[in-house]
Amino acid sequence: MTTRRFLGALASFALAAAPMAGQQFSHDIPLAGLGNGQPAKPFGLAYEPGLDRIFVALAGSFGGPNDVVAVIDPAVDAVVATIQVGLYPEEIAFAYDSLGQLQFGAVTNSTSGSVSLFDPSLNVLGEVALPDPFGLGTCYPFGICWEPGAQRFLVSTLDGSGEVYAIDPQAMSVDAAASHSLPLSSGSRMLVHQGRLWNAATRYNASFTSADAALASIELATGSQAETLLLSEARAFFPAVQDLIALPDGDVLAGAVASNGLLYRFDGQGQLESTIHLPSASGAHGLALGPQGRLLAVCDLYADTLIVYDLEARTETASFALNTIGLGYGQPNDAVFAHGKLYLSSQATEEVLVFDQLPSPPPAPSYAGSLTLSSSTPQPGDPVTATVQGSGAVALLIAREGTGAVFANGQLDIGPRVSLRAQGWTSAQLTQTLPQDPALRGLHLWLQGAVALDTTPALTEARVLIVQ
């Protein structure tokens, strides 16, 4: 009876429609003319709540790099100051003391191969030159974050060296002993979270002819590393994984370009958990989390689209094609929430776009039961065990896709083509050994449990398995 009921529900799968409501484009903040006369194309954004200011790195173009950070007052949505830094500024971070007081601001200068530091009064303190191990003229510093326990900045590089440089802001110098190395890789945006450095990275082969998109998670106390393959590509010389954010529950989300609309979710120790599928996105270049930790802004630079996603309801609340907004084709790079609004850097059009009327979604249904994997990143030849636990009749579902479908009373996070692989009473388990086949490397499998099938069906959180 339970099996027939379950299979009947399985047969009714269909893709769920995402509601589109609430948020809308309000106005833009022009940036043209700021800086050294080169294009004022914005790159990274950062909101500093103590100063109540939004900082915008005006990178310019590779042929004509700019050299300023624009400072926006979100109360009036206007540029109120500029900070002169190095050439092609990209990412911004802030340093705080043990009491949470702002001490420094910092910005990576890609063309100059340096990091500029400024104080809370926006006075420039100096520029720290970074090593150039390949003699390229710059190591192309990109991501930057603050390590509060050690009171230093950490800076990723795009030159392929894999170096993450530590900067002592008091000494205004590179601390070589505190730096990290990820061989043959380029880093992207980073964060320090739960005692670990999280670095979105592209991992090259020895001849630099192909690369994997990876997440490097480094335990700062010991320096031990754990790398997780996200997806395998031959895109080579630009990081496929672009941004990382920490969620209120301690998990971390990673966004990647050209990822078929997938975001990757990790637990606080760097173990792969699941994915989020964005129907309107091809990938994610920038991520921003709303003040309540529920709304997620996703910048799809290549598709010229902004997506707002409800993390609790697991659905898109808004999607904007930027070719019809502001000055047109925008290349959204980064975003921040402030003053009940969403700010978006429009790299192609020298403006910051402002969206208001943020949605206030109602409480969303929660998951039930549990699904565990013995390994979410196995090697070919490894055994993997999946276990579903919950009340009543339970089942294990497996899919080769993670776009989602409707099942009974819940929204599946996997599918739409789903296989029933195990079932039982309060527990169902499946163990399989992966074939010894190198071609499996990069394969994604999605799993989700269904519980209480004999009463009111509910779903576990989904999990994803990626063969290394």
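Counting the residues of region 188-212 that are in contact (Cβ under 8 Å) with a residue 60 or more places away in the chain and either part of a loop (DSSP other than H, G, I, E, B) or closer than 22 Å to residue 92 by Cα (or both) gives 6. Looking only at residues that are touching a strand residue (DSSP E or B) at 6+ places or on another chain (Cβ under 7 Å) and among the aliphatic types (A, V, I, L, M) in region 62-77, which one is surrounded by the fewest Cβ atoms within 10 Å (Cβ to Cβ)? Only one residue fits best here, namely 71.
Among the residues of region 327-336, write down those that are surrounded by fewer than 21 Cβ atoms within 10 Å (Cβ to Cβ) and of a type outside the set (Ser, Thr, Tyr). 327, 328, 331 - these are the residues of region 327-336 that are surrounded by fewer than 21 Cβ atoms within 10 Å (Cβ to Cβ) and of a type outside the set (Ser, Thr, Tyr).
The conditions of being of a type in the set (A, V, I, L, M, F, W, C), closer than 30 Å to residue 74 by Cα and at pLDDT below 95 are met by residue 348. Filtered by the rule that a residue be of a type in the set (A, V, I, L, M), in a strand (DSSP E or B) and surrounded by fewer than 22 Cβ atoms within 10 Å (Cβ to Cβ), region 78-94 gives 78, 79, 80, 81, 83.
Scan region 50-61 residue by residue and report those that are within 17 Å of residue 345 (Cβ to Cβ) and surrounded by fewer than 23 Cβ atoms within 10 Å (Cβ to Cβ). Hits for region 50-61 are 53, 61. Applying the condition of being of a type in the set (S, T, N, Q) and closer than 18 Å to residue 240 by Cα to region 275-321 and asking which residue is surrounded by the fewest Cβ atoms within 10 Å (Cβ to Cβ) yields 282. From the list 429, 436, which one is under 15 Å from residue 370 (Cβ atoms), free of Cβ contacts under 8 Å to residues at least 60 places away in the same chain and more than 25 Å from the chain's Cα centre (by Cα)? On inspection, the qualifying residue turns out to be 429. Of all positions in region 286-293, at least one carries a residue that is at pLDDT 90 or above and touching a Lys or Arg at 6+ places or on another chain (Cβ under 9 Å).
Each row is one residue, and each column tells you yes or no for (1) in contact (Cβ under 8 Å) with a residue 24 or more places away in the chain; (2) in the same structural domain as residue 448 (by the TED database); (3) closer than 30 Å to residue 373 by Cβ.
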residue	(1), (2), (3)
246	yes, no, yes
255	yes, no, yes
267	no, no, yes
275	yes, no, yes
280	yes, no, yes
319	yes, no, no
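Among the residues of region 400-453, the ones that are surrounded by 15 or more Cβ atoms within 10 Å (Cβ to Cβ) and of a type in the set (Asp, Glu) come to 2 in all.
The values are calculated or read from the model by the stated rules, or taken from the named source; none is laboratory data. Nothing here was measured: the structure is a model prediction, and the numbers come from that model. Every residue, glycine as well, gets a Cβ built from its backbone with ideal geometry; the counts of neighbours run over all protein chains shown.
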